[in-house]
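Note sheet for the following structure.
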Amino acid sequence: MTPRRSSALCLCALLLAGAAGAQNSDPLKEFPLENVERGALGYGLSVFSGTEPEPFNVEVIGLVRNLHPDTSFILARLTGHGLERSGVVAGMSGSPVYIDNQLAGAVAYSWAFTHEAVAMITPIGAMRDLGSLPRVPSAAAPASTTFEQLATGKIPEAELERHLAALLPRGMSGAGSQLQFTTAGFGAATRARLAQALGAVAPAGSSPDLDTELTAGSAVAAVLIGGDLEMAASGTVTERRGDEVTAFGHPYLGLGTIQIPMAPAEVITVVSTQANSFKLTNVGPVVGAFEEDRMAGIFGHIGAEAPTIPMQINVLGGSNSHYEVELAKLLTTPTLAAVAILEAMDTTRGQNGDQDIEMRAHIEIAGHDPIELSQHFSGTSASISSALYLLSIVGFVHNNGTEEAEIERIQVDLTQASQPRTVSLIAAHAAKRNVRPGEQLDIHLDLRRYRGETFRETVTVELPTDAPKGPYYVFIGDSAAIDSARLQMQPRQPQDFSESLELLRSFHGPDELVILGVVPARGLIVDGEALPSLPGSIRSIWAAAGPRAAKAANLAIRDQQTRPLGYPLAGAARIDLNVLAPLD
């Protein structure tokens with residue numbers, strides 16, 4: 001093939017012909033990979049301002065063969081619209097490329113800090129197969145959070161960065177996809193945190209009245225979070241055939257069959273940077289759904305509907321704020337819920353500095369009673385800890401390995417204060433040591449407010465009427481500490497999703513005083529049930545059945561009581577008692 005130089009007039013003629021062909025039911029002819037030659041000239045379409053696709057120049061450098069099994073990429077140099085200065089722009093993912101008025105493929109990958117716009121182009125043949133591939137739903141990822149972490153709310157901060165990084169498109173080693181993350185209504189702190197994990201995250205606007213038809217070269221967005229707060233992964237439409245839309249030229253997450261809302265986008269301008277230039281965009285209303293997420297791109301239909309999870313966030317304390325958002329249903333939905341929480345707090349009061357956050361979460365699940373959980377966080381990492389807690393709870397439900405759970409609605413109430421409200425338990429003393437079954441016992445609690453005075457409260461505990469004679473231990477304190485101790489003394493491995501929800505519901509709130517009555521035991525824990533007093537022969541039989549059949553129990557829980565406090569408590573104590581024989 002002889003290299004050609006395209007004049008502006010020729011390019012416009014090709015553009016008109018290509019655009020017309022893209023709207024016909026008969027697709028443009030596919031440019032064969034075997035015809036790719038160094039120096040061949042063509043053009044591409046992408047939006048650089050507004051909503052109308054505009055042409056840019058393409059010069060073929062060569063063919064990168066079998067980079068993936070049976071998959072080659074066209075390597076090309078892009079020029080025009082300032083690409084010589086900006087490099088390939090994030091948001092150009094999916095920009096169609098035409099050679100000899102035939103559709104060759106889509107701009108997909110490039111490299112940061114390059115001195116020119118060099119891109120790898122995904123062949124259109126692989127992209128056109130997306131609509132005919134068998135549906136392959138993504139498998140649920142097993143929950144990594146333990147029940148003890150869910151009970152205490154103590155989840156390592158590094159987990160947040162790990163989950164945010166899971167939102168990144170699945171690209172290729174050494175080359176990055178030209179997908180653009182955009183956010184609307186997000187504050188600086190949340191955008192900075194997202195940018196640290198995802199690269200450049202551009203602020204965006206929401207344009208509910210944007211009325212533009214998606215065509216080849218149009219800006220398009222996969223809406224991850226919609227409503228009062230918005231987050232989207234935006235790129236470019238490669239081809240439209242009737243109601244079918246093919247875009248991106250690379251996977252988003254490579255999840256197979258998906259359901260993500262699809263929306264048109266308006267490009268405000270291109271921002272040129274040394275690292276990775278990007279488009280500033282406004283995201284329009286949802287017009288369809290992306291349904292396949294594969295190596296060659298994403299595919300969907302105009303008019304299709306992607307179900308979402310409605311989430312209400314109420315930030316209370318001071319100036320009250322309310323947010324209504326919709327979360328895309330993906331494996332990463334729990335992370336999206338955490339991002340929404342971070343942003344709601346960022347917008348209302350900010351995430352940094354010493355603060356106190358009480359979180360109450362209400363999660364409705366199809367076919368099950370709702371779960372309601374509360375947790376308390378204080379200190380400089382309170383906002384991150386609360387977001388992680390919700391991420392873990394929603395993740396446990398959404399990605400559980402025993403049942404395909406459908407979350408129908410999430411409501412989160414966040415009560416913020418400028419300084420910790422936690423009251424510390426310094427010590428606990430019983431009015432007397434020797435007690436009898438069924439007797440009421442006063443326990444005195446020495447408490448201290450945050451940067452405040454020490455005070456005392458007395459709670460009355462009633463001993464079980466069947467308390468055995470001998471040592472009796474009272475574990476008393478905050479819900480996180482006592483629930484954790486309960487799980488250690490009486491470990492439980494739920495056998496199905498209903499049992500998991502039952503265990504979650506057993507966790508106490510941060511403003512409750514929890515009291516456990518515990519006795520020495522020589523028994524077993526079987527499926528979470530305590531068998532405190534067993535003959536040695538029975539214990540031997542269970543032990544021979546294997547380590548998962550039962551666990552030895554040295555302590556057994558005989559009683560559990562709670563008392564409302566009206567403030568979050570931190571700290572726990574053990575009181576040793578001696579139970580005397582009951583009076584006749």
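Being within 19 Å of Gly242 (Cβ to Cβ) and either at pLDDT below 90 or open to solvent by 40 Å² or more (accessible area, probe 1.4 Å) (or both) is the requirement here; does Glu305 meet it? So Glu305 passes the test.
For every residue, the table says whether it meets (1) closer than 25 Å to Leu577 by Cβ; (2) open to solvent by 60 Å² or more (accessible area, probe 1.4 Å); (3) modelled with pLDDT of 90 or more; (4) of a type in the set (A, V, I, L, M, F, W, C).
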| residue | (1), (2), (3), (4) |
| --- | --- |
| Thr458 | yes, yes, yes, no |
| Leu463 | yes, no, yes, yes |
| Lys469 | yes, yes, yes, no |
| Tyr472 | yes, no, yes, no |
| Phe475 | yes, no, yes, yes |
| Asp478 | yes, no, yes, no |
| Asp483 | yes, no, yes, no |
| Gln495 | no, yes, no, no |
| Glu502 | no, yes, yes, no |
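Sub-6 Å Cβ pairs linking a first residue in the stretch 556-578 that is over 20 Å from His429 (Cβ atoms) to a second residue that is of a type in the set (Gly, Ala, Ser), at least 6 apart or interchain, are Ala556/Ala521; Ala556/Ala530; Arg558/Gly517, ordered by first then second residue.
The strands (runs of 3 or more DSSP E) found entirely in the stretch 24-110 that carry 1 or more residues being more than 17 Å from Gly217 (Cα to Cα) and modelled with pLDDT of 95 or more are 41-46, 54-68, 71-79.
Results for (1) within 15 Å of Gly517 (Cα to Cα); (2) of a type in the set (Asp, Glu); (3) assigned to a loop (DSSP other than H, G, I, E, B); (4) in contact with a Lys or Arg (Cβ under 6 Å, 6 or more places away or on another chain), shown as yes or no for each residue.
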| site | (1), (2), (3), (4) |
| --- | --- |
| Gly438 | yes, no, yes, no |
| Leu441 | yes, no, no, no |
| Arg448 | no, no, no, no |
| Phe455 | no, no, no, no |
| Thr458 | no, no, no, no |
| Val461 | yes, no, no, no |
| Pro464 | yes, no, yes, yes |
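So which residues in the stretch 199-219 are under 27 Å from Phe113 (Cβ atoms) and part of a strand (DSSP E or B)? Residues satisfying the conditions are Val201, Ala202, Pro203, Ala219. Of Gly528, Gly566, Gly546, all but one fail to be within 30 Å of Leu373 (Cβ to Cβ) and modelled with pLDDT under 55; the exception is Gly528. Note on the stretch 278-298: residues that are open to solvent by less than 10 Å² (accessible area, probe 1.4 Å) and over 14 Å from Thr182 (Cβ atoms) amount to 7. Number of residues in the stretch 496-525 that are farther than 20 Å from Val461 by Cβ and without any contact (Cβ under 8 Å) to a residue 60 or more places away in the chain: the value is 7. Would you be able to say whether some residue in the stretch 237-246 is over 19 Å from Val286 (Cβ atoms), touching a Leu at 6+ places or on another chain (Cβ under 7 Å) and buried (at least 24 other Cβ atoms within 10 Å of the Cβ)? Scanning the stretch 237-246 turns up at least one residue that is over 19 Å from Val286 (Cβ atoms), touching a Leu at 6+ places or on another chain (Cβ under 7 Å) and buried (at least 24 other Cβ atoms within 10 Å of the Cβ).
Is it true that Arg65 is in contact with a Pro (Cβ under 9 Å, 6 or more places away or on another chain), without any contact (Cβ under 8 Å) to a residue 40 or more places away in the chain and open to solvent by 50 Å² or more (accessible area, probe 1.4 Å)?
Judged against the criteria, Arg65 is not a match.
Taking the numbered list (1) open to solvent by less than 10 Å² (accessible area, probe 1.4 Å); (2) closer than 15 Å to Met92 by Cβ in turn, Ile260 passes all entries but (2). Apart from one condition, Phe181 fits all of (1) farther than 30 Å from Asp478 by Cα; (2) surrounded by fewer than 21 Cβ atoms within 10 Å (Cβ to Cβ); (3) at pLDDT 80 or above; the exception is (2).
Would you pick out the residues in the stretch 375-388 that are farther than 17 Å from Thr146 by Cα, part of a strand (DSSP E or B) and either open to solvent by 20 Å² or more (accessible area, probe 1.4 Å) or in contact with a helix residue (DSSP H, G or I) (Cβ under 7 Å, 6 or more places away or on another chain) (or both)? Listed by number, the residues that qualify are His376, Phe377, Ser378. Does the stretch 402-436 hold any residues that are in a loop (DSSP other than H, G, I, E, B) and closer than 25 Å to Ser374 by Cα, and which are they? Scanning the stretch 402-436 gives Thr402, Glu403, Glu404, Ala405, Glu406, Ser418, Gln419, Pro420, Arg421, Thr422.
The number of residues in the stretch 410-435 that are more than 27 Å from Arg448 (Cβ to Cβ) and surrounded by 14 or more Cβ atoms within 10 Å (Cβ to Cβ) comes to 5.
Can Ser93 be described as buried (at least 21 other Cβ atoms within 10 Å of the Cβ) and in contact with a strand residue (DSSP E or B) (Cβ under 6 Å, 6 or more places away or on another chain)? Spell out the reasoning first.
Values: buried (at least 21 other Cβ atoms within 10 Å of the Cβ): yes; in contact with a strand residue (DSSP E or B) (Cβ under 6 Å, 6 or more places away or on another chain): yes.
When the stated conditions are applied, Ser93 passes them.
Consider His398 carefully, then state whether it is surrounded by fewer than 17 Cβ atoms within 10 Å (Cβ to Cβ) and either touching a strand residue (DSSP E or B) at 6+ places or on another chain (Cβ under 9 Å) or of a type in the set (A, V, I, L, M) (or both). Considered against the rule, which asks whether it is surrounded by fewer than 17 Cβ atoms within 10 Å (Cβ to Cβ) and either touching a strand residue (DSSP E or B) at 6+ places or on another chain (Cβ under 9 Å) or of a type in the set (A, V, I, L, M) (or both), His398 comes out as no.
Taken over the stretch 564-579, residues that are surrounded by 14 or more Cβ atoms within 10 Å (Cβ to Cβ) and more than 13 Å from Val423 (Cα to Cα) amount to 4.
Scanning the stretch 474-494 finds one or more residues that are among the charged types (D, E, K, R), part of a loop (DSSP other than H, G, I, E, B) and under 42 Å from the mean Cα position of the chain (by Cα). Of Glu358, Glu372, all but one fail to be buried (at least 22 other Cβ atoms within 10 Å of the Cβ) and acidic (Asp, Glu); the exception is Glu358. Tell me which residues, restricted to the stretch 549-562, are open to solvent by less than 60 Å² (accessible area, probe 1.4 Å) and either modelled with pLDDT under 90 or not acidic (Asp, Glu) (or both). Ala549, Ala550, Ala553, Leu555, Ala556, Ile557, Gln561, Thr562 - these are the residues of the stretch 549-562 that are open to solvent by less than 60 Å² (accessible area, probe 1.4 Å) and either modelled with pLDDT under 90 or not acidic (Asp, Glu) (or both).
Against the conditions (1) at pLDDT below 90; (2) assigned to a strand (DSSP E or B); (3) not small (Gly, Ala, Ser), His362 satisfies every one except (1).
The values are calculated or read from the model by the stated rules, or taken from the named source; none is laboratory data. No experiment lies behind these values; they were computed from the predicted model shown. Because the Cβ atoms are built from the backbone with ideal geometry, glycine has one as well, and the counts that use them run over all protein chains shown. Heads up: the accessible areas ignore ligands, DNA and RNA and are worked out on the full protein's heavy atoms, side chains in. Shrake-Rupley method; radii C 1.70, N 1.55, O 1.52, S 1.80 Å.
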